[in-house]
Amino acid sequence: MPLITLPNTQFPALYIKNTNKYKDNSKMFIDETQDDSDDWMTALLRSPIFQRLPPVNLQKILMSLESVHFSKGEIILDQGGMGDYYYLIKNGQCELTRKPSPNAREIKLAQLATGDTFGEDSLLSDAPRNVTITALTDISLLRLNKQQFVSLIKEPSLAFVTYPKTQEALKQGAILLDVRAPDDYEKHHLDGSINEPFFSLRMQLKTLNREKPIIVVCNDGKTSEAAVFLLLRNKINAMILRGGMTGAKSDSEQDLALADTIQANAERSETVPQHHQAMQPASHSASLAGNEQAPQIRLLQSEVEALKMANQQLNDKCMKLEFDKQHAEKQARILYKQLEKLTQVLNKLKNE
């Protein structure tokens with residue numbers, strides 16, 4: 001079968017061979033012929049985020065990456081700017097800093113090096129950049145534009161849960177993490193949640209419980225996407241409460257409305273006007289009450305059936321997604337092992 005060469009002159013010779021062993025997926029064999037590609041490629045394939053991606057997405061990412069360079073001391077990203085790219089460090093080091101307010105001193109948050117990634121927070125939350133990133137050395141970066149990041153990385157990586165499913169998960173030991181600012185959390189929050197603002201979450205990763213799944217909530221779900229991406233990147237199992245506090249409120253109102261309807265129907269069925277009881281035989285009164293209840297009962301029954309059907313469809317979808325996830329993880333492991341073997345062969349050939 002012929003080899004397909006990736007049409008991108010920014011990279012070492014990467015060759016990808018298609019097979020039909022797995023339906024709708026490609027098994028990829030990567031051959032690298034330059035020394036400087038080794039570290040960043042290995043780090044990329046080891047990343048928990050990239051291990052969650054289907055092989056076809058990895059292929060498209062490698063084909064789409066664009067190379068850019070910055071000199072020591074140059075600002076790569078400015079706090080307050082809008083997000084346009086997702087970056088991977090090919091070679092070099094950079095520093096993340098943040099100003100809590102315009103006149104405050106910068107706080108050093110982290111130092112990144114070859115194989116690390118950055119820039120996703122703004123792309124996920126649609127908010128301005130929350131950090132400044134400065135080159136500590138001459139640095140070579142690879143980047144994806146926002147549209148490619150969303151379609152190839154974000155959408156296959158993030159998982160969402162509804163408010164009712166969140167309640168079930170909490171009963172089974174899940175953690176509900178509210179990443180809003182402390183003031184917003186104090187005004188109103190969901191029962192059982194803990195508060196860790198997103199801007200400080202990166203510094204608190206070591207304190208989080210990695211044994212239990214984490215469900216993240218914010219105002220509308222956008223900041224939660226950035227928080228969950230950060231957690232997944234650090235091997236922490238995390239999901240997003242769909243719609244955030246807004247979605248939780250909507251679901252709660254629907255639950256209350258349904259409960260009120262059921263209660264009203266129950267009260268109606270138990271209460272028959274006294275003058276009707278005096279004027280009519282008991283059998284007629286029971287028949288009349290039954291006729292009044294019939295439309296409401298049928299409506300509730302149809303709602304219950306619709307909810308059962310929707311629940312079954314969601315369960316089926318979850319099973320399919322879990323299968324796809326396991327298959328993708330398996331393919332990523334195979335890809336990584338192949339990369340290690342080929343790297344060993346390449347190093348051996350160089351030493352001969």
* Asked: Taking helices (runs of 4 or more DSSP H) that fall entirely within region 197-301, which contain at least 3 residues that are open to solvent by 40 Å² or more (accessible area, probe 1.4 Å) and at pLDDT 85 or above?
  -> 222-233
* Only listed residue being in contact with a helix residue (DSSP H, G or I) (Cβ under 9 Å, 6 or more places away or on another chain), open to solvent by less than 20 Å² (accessible area, probe 1.4 Å), part of a loop (DSSP other than H, G, I, E, B) and not polar (S, T, N, Q), chosen from 115, 81 -> 115
* Asked: For region 164-188, what are the residues that are in a helix (DSSP H, G or I) and either open to solvent by less than 40 Å² (accessible area, probe 1.4 Å) or closer than 12 Å to residue 212 by Cβ (or both)?
  -> 166, 169, 170, 185
* Structure fact -> By residue number, the members of region 34-78 that are surrounded by fewer than 18 Cβ atoms within 10 Å (Cβ to Cβ) and in a loop (DSSP other than H, G, I, E, B) are 34, 71, 72, 73, 74, 78
* Return yes when residue 129 is part of a loop (DSSP other than H, G, I, E, B) and either in contact with a strand residue (DSSP E or B) (Cβ under 8 Å, 6 or more places away or on another chain) or open to solvent by less than 50 Å² (accessible area, probe 1.4 Å) (or both) and no when it is not. => yes
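Yes or no: residue 108 among the basic types (Lys, Arg) and part of a strand (DSSP E or B)? Walk me through how you get there before you give the answer.
Details: among the basic types (Lys, Arg): yes; part of a strand (DSSP E or B): yes.
Yes: the conditions hold for residue 108.
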* Consider residue 181 carefully, then state whether it is touching a residue at least 60 places away in the same chain (Cβ under 8 Å) and under 21 Å from residue 246 (Cα atoms). => no
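The values are calculated or read from the model by the stated rules, or taken from the named source; none is laboratory data. Since the model is a prediction, treat every value here as computed from it, not as a measurement. Ideal geometry is used to build each Cβ from the backbone, glycine not excepted, and the neighbour counts take in all protein chains shown. Just so you know, the surface numbers come from the protein's heavy atoms only, side chains and all, with ligands and any DNA or RNA stripped out. Shrake-Rupley method; radii C 1.70, N 1.55, O 1.52, S 1.80 Å.
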